[in-house]
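Taking it in order: structure first as C-alpha cells, then the write-up.
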Amino acid sequence: MILIVWAHPYPQHSRANRALLEAVRVLPDVEVRSLYDLYPDFDIDIEAEQEALSRASLVVWMHPMYWYSVPGMLKHWFDVVLARGWAYPDRHGGGGTALHGKSCLWVTTTGGTEEAFTAEGRHGHSFETFVTPIEQTARFCGMQWLPPMSLHGAHLVDDAAIALVRDDLVARLKSWSQNGKQSHAE
C-alpha cells in the first residue's frame, strides 16, 4: 500500500499541489492522510497515523515547501508520530524498527523558480541543500530514501509544466504498485 501524507495548510490556493494530489488519490492501493483536514486543532491521533504507516510499503510526504522545510503540521506530525522506540530505537537501543525497510518519497512544490535555488539565485543555495533534513528524517527511521520530486515556481508555471510533474508522479506510483518497488531509473 502507498500512504500519502498530505500537508497543505491552504489547499484552496494551490493549483499545483492540489493537481498532484487529485491525480494520485484515485490510484489503487493508495491511502491519503490529509493532515490539515484530519487535525485542524493539531491534535494528531498518533495511533491512527502509526497504524496507517504500518500498512504502507511506500510513504509519500507531499506538501508545499515552507521556509525551506515542511509546513508546521507536518513538522508536528514528525515530532509526535515518528516516536522514539517506535520509529527509531529508544535510549537503550530497543524497538524503533516500525519503518525499517519502507520506502519514502518526498514530493514538494516551491514558490521559487529553479534559478532561485542556485548559489547565485535568491535563496543562495541549490535545492539539494534543503533536501538533507527531510532525507535524514526518513533515513534516521530506517527508511529507504527515493529521489525526491519537486515542482519549482508552482504558482508561476503553466498547466503543461504541472502536467509533466503530475504524469511523472502517477507513473512512479503506478510502477511501485505494479512491481512492489520503484522500478524505473531515478
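Computed quantities for the displayed model
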{"read-out": "Taking VAL80, VAL26, VAL165 and counting other C-beta atoms within 10 Å, the order from fewest to most", "value": "VAL26, VAL80, VAL165"}
{"read-out": "Surrounding net charge for LEU74, when Lys and Arg each add one and Asp and Glu each subtract one, Cβ distance under 12 Å", "value": "0"}
{"read-out": "Between region 66-137 and region 21-56, the Cα center-to-center distance that results, in Å", "value": "17"}
{"read-out": "Built amide H within the under 5 Å cut-off of GLN144, gap 5+", "value": "GLY101, LYS102, SER103, CYS104"}
{"read-out": "Footprinting exposure proxy for LYS102, LYS75 (fewest neighbouring C-beta atoms within 10 Å first)", "value": "LYS75, LYS102"}
{"read-out": "Rounded to 5, percent antiparallel among DSSP beta bridges of the chain", "value": "5"}
{"read-out": "Neighbour-count order for MET149, MET73, fewest beta carbons within 10 angstrom listed first", "value": "MET149, MET73"}
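No value in this document is a laboratory result; all are computed from the given coordinates. These numbers come from a predicted model, not from an experiment. Reconstructed Cβ throughout: ideal geometry from the backbone, glycine too, with neighbour counts over all protein chains shown.
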